[in-house]
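Single-structure report; data block below.
The values are calculated or read from the model by the stated rules, or taken from the named source; none is laboratory data. In this text the structure is predicted, and so the values were computed from the model without any measurement. Counting neighbours? That spans all protein chains shown, and the Cβs are built from the backbone with ideal geometry, glycine included.
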Amino acid sequence: MTWRRKQKQSMPPVDLPTPSRTNPKLDQLYEVIQTFPPLDRSLLLLSLDEVSYREMAEIHGISESLVGVRLLRARTKLMEQMKEANPGSRCTENSLELTRKHPELRQQAHLHR
């Protein structure tokens with residue numbers, strides 16, 4: 001078994017918040033995030049919790065530059081999927097900012113380390 005496969009198998013599960021029922025856009029954002037691979041999902045949730053790239057790199061045992069690359073790709077993919085789900089809506093950028101500016105609208109995502 002290669003090193004990469006071992007790393008993929010040892011990825012800790014990520015618990016996503018339960019639906020809020022108060023903000024459908026936020027619920028949809030978390031539904032889309034749940035479809036992502038475990039590493040991308042974890043990085044997105046950590047970034048929403050304003051964890052630094054350095055801390056994310058330490059948590060996952062990867063370089064800071066890889067954290068940046070993976071986050072950029074995951075955010076781009078997230079924006080595309082949100083636009084597909086809501087054509088003509090500006091909810092993509094707003095949903096990400098909403099979760100950052102108003103943490104009371106979401107529950108804390110817990111990582112099992």
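Computed values, structure above
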| read-out | value |
| --- | --- |
| Any hit, the stretch 90-110, residues being among the small types (Gly, Ala, Ser), at pLDDT below 85, surrounded by 14 or more Cβ atoms within 10 Å (Cβ to Cβ) and in a loop (DSSP other than H, G, I, E, B) | yes |
| Close pairs (7 angstrom Cβ cut-off, 6 or more residues apart or separate chains): without any contact (Cβ under 8 Å) to a residue 24 or more places away in the chain and among the basic types (Lys, Arg) in the stretch 37-62, in a helix (DSSP H, G or I) and surrounded by fewer than 16 Cβ atoms within 10 Å (Cβ to Cβ) anywhere | ARG54/GLU64 |
| Residue match in the stretch 67-85 (condition: free of Cβ contacts under 8 Å to residues at least 12 places away in the same chain and either buried (at least 19 other Cβ atoms within 10 Å of the Cβ) or not in a helix (DSSP H, G or I) (or both)) | no |
